[in-house]
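Beneath this line is the structure, given in structure tokens, with notes to follow.
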């Protein structure tokens, strides 16, 4: 019995020397998990921002195609250029239900039955473009104003739920678009401001994109 006691004391000493190592390893694992969590949160935020950027690029690509389509329609029907003007406010357009109604169908095979006049073509073009904008972007609306030597200004309006206001403490507050003022704004600012006729000065989240063309 007396010969085994040193071995037991040696075993206890060995166990006591191992315990701190186990505790240190557990702390290191917890720290690693914490760092990994922060990394994953950062990646998730980056992916969210990338997705919003891609959606923004896609939306602008659609608007560019719609703008090119509209200008081609107006230029192919120059005698009825004034008939393409459309300046209903954002609220009025959102409340309206787009139905063809008495607007003649002058597209495709329907153009031959009956033959459409230039005025009919203008009415049909405007209806087609408004419908295309409404379906291409969220709550899409269209304004066409101007004419003459200064050209036509085409404005695309849509609702952007991700356009947050960085100047407020409310994380969910949407950004208010600025009304256009040609006397004080640069050409870059005039590209993204909202026309006064749109009447969105008290409607946060509505965004605008302006294009100008001359016949």
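The values are calculated or read from the model by the stated rules, or taken from the named source; none is laboratory data. Worth saying up front: this structure is predicted, and the values here are computed from it rather than measured. Note that each Cβ is placed from the backbone with ideal geometry, even for glycine, and that neighbours are counted across all protein chains shown.
I'd like the residue in segment 202-215 that is free of Cβ contacts under 8 Å to residues at least 60 places away in the same chain and outside any strand (DSSP E or B) and, out of all such residues, is surrounded by the most Cβ atoms within 10 Å (Cβ to Cβ).
205
Mind listing just one residue for me: the one in segment 99-115 that is loosely packed, with under 10 Cβ neighbours inside 10 Å and under 15 Å from residue 126 (Cα atoms) and, of those, modelled with the highest pLDDT?
Applying the filter and picking the extreme gives 99.
Can you pull out every residue in segment 127-141 that is within 19 Å of residue 91 (Cβ to Cβ) and in contact (Cβ under 8 Å) with a residue 40 or more places away in the chain?
130, 133, 137, 139, 141 - these are the residues of segment 127-141 that are within 19 Å of residue 91 (Cβ to Cβ) and in contact (Cβ under 8 Å) with a residue 40 or more places away in the chain.
Quick check on segment 187-201: of everything there that is touching a residue at least 24 places away in the same chain (Cβ under 8 Å) and more than 22 Å from residue 71 (Cα to Cα), which residue is surrounded by the fewest Cβ atoms within 10 Å (Cβ to Cβ)?
This residue is 201.
Could you check, for segment 71-88, whether at least one of its residues is closer than 17 Å to residue 158 by Cα and either out of contact with any helix residue (DSSP H, G or I) (no Cβ under 6 Å at 6 or more places or on another chain) or surrounded by 15 or more Cβ atoms within 10 Å (Cβ to Cβ) (or both)?
So far as segment 71-88 goes, yes, one or more of its residues are closer than 17 Å to residue 158 by Cα and either out of contact with any helix residue (DSSP H, G or I) (no Cβ under 6 Å at 6 or more places or on another chain) or surrounded by 15 or more Cβ atoms within 10 Å (Cβ to Cβ) (or both).
Select from segment 187-199 the residues that are under 19 Å from residue 136 (Cβ atoms) and either in contact with a helix residue (DSSP H, G or I) (Cβ under 6 Å, 6 or more places away or on another chain) or modelled with pLDDT of 95 or more (or both) and list them in ascending order.
Within segment 187-199, 194, 198 meet the criteria.
Which pairs do you get when a residue that is touching a residue at least 24 places away in the same chain (Cβ under 8 Å) and on the phi > 0 side of the Ramachandran plot, found in segment 152-163, comes within reach of a residue that is part of a strand (DSSP E or B) and crowded, with 21+ Cβ neighbours inside 10 Å, reach meaning Cβ atoms under 7 angstrom, with the pair 6+ apart or on two chains?
none
I'd like the full set of residues that are surrounded by fewer than 18 Cβ atoms within 10 Å (Cβ to Cβ) and over 14 Å from residue 198 (Cα atoms), limited to segment 126-145.
Correct list: 131, 132, 135, 136, 138.
Please go through segment 150-186 and pick out each residue that is at pLDDT 90 or above and surrounded by fewer than 11 Cβ atoms within 10 Å (Cβ to Cβ).
Scanning segment 150-186 gives 182, 183, 184, 186.
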